[in-house]
Amino acid sequence: MTTYDAVVYDLDGTLVDLDVNWDAVATDVLEVYERADVEPPSQNLWELLETASDVGLEANVESAIAAHERTGAETAPRLTHADELLERAVPVGVCSLNCEAACRIALEAHDLLETVDAVVGRDTVATQKPHPKPLLEAVRALEAEPETVLFVGDSPRDRLTAERAGVAFEFVDDGPAGV
């Protein structure tokens, strides 16, 4: 086992399972596009978010997604990897594609917020995973160097983020099917 100076976790699917109906979120975001009379680029929620700034809808799209995430964070079941936060002897952070407020709500709901030294959400910095900046912001806040940090996540996007940031990566359990 390699020793790391800090560990950063993804939130949803890693520490908790956000209680969010992502299809309903996508429907709400599509309604934002419809109300603005803007043709959506696709039906994919994350593509809708990524292109929202190009058409002046970033704030409304972000607001629609974040509302669902904050509500879902209140009742998000805790996953087994959350127990690791309590056992780590090194600084711990969270880097998530979810909004920062939802991350904090979910961590607080499970009495984990006090054990986390840094929280970086989708809206904390100007870019989102798989861009390396959010993860590097968490690493910076933990006062560590990328090559001494482990990022634990549940998706290929998390793995790509770690790779781009020069951070070691570990899938929760066996990782997603087909990886």
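The table below lists the values:
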item	result
Residue list for the range 65-110, filter: closer than 24 Å to residue 143 by Cβ, at pLDDT below 95 and in a helix (DSSP H, G or I)	82, 84, 85, 86, 87
For residue 169: the one exception among (1) under 11 Å from the mean Cα position of the chain (by Cα); (2) part of a strand (DSSP E or B)	(1)
Any chance residue 69 is of a type in the set (D, E, K, R), buried (at least 21 other Cβ atoms within 10 Å of the Cβ) and under 30 Å from residue 144 (Cα atoms)	yes
Count - residues of the range 146-166 that are closer than 21 Å to residue 84 by Cα and assigned to a loop (DSSP other than H, G, I, E, B)	2
Whichever residue in the range 6-54 is within 24 Å of residue 138 (Cβ to Cβ) and among the aromatic types (Phe, Trp, Tyr) and, among such residues, is nearest to the chain's Cα centre (by Cα)	9
Residue count, the range 30-64 (criterion: part of a helix (DSSP H, G or I) and either among the small types (Gly, Ala, Ser) or within 21 Å of residue 130 (Cα to Cα) (or both))	16
For residue 3: the one exception among (1) closer than 20 Å to residue 143 by Cα; (2) touching a residue at least 24 places away in the same chain (Cβ under 8 Å); (3) among the hydroxyl-bearing types (Ser, Thr, Tyr)	(2)
Test: residue in the range 102-121 that is touching a Phe, Trp or Tyr at 6+ places or on another chain (Cβ under 9 Å) and more than 29 Å from residue 60 (Cα to Cα)	yes
Residue in the range 5-16 that is on the phi < 0 side of the Ramachandran plot and exposed (fewer than 15 other Cβ atoms within 10 Å of the Cβ) present	no
Within the range 126-179, tally of residues that are modelled with pLDDT of 95 or more and on the phi > 0 side of the Ramachandran plot	2
Among (1) farther than 19 Å from residue 106 by Cβ; (2) at pLDDT 95 or above; (3) not acidic (Asp, Glu) - the single one residue 46 does not satisfy	(2)
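The values are calculated or read from the model by the stated rules, or taken from the named source; none is laboratory data. Just so we're clear, the structure is a prediction, and the values are computed from it rather than from any experiment. Counting neighbours? That spans all protein chains shown, and the Cβs are built from the backbone with ideal geometry, glycine included.
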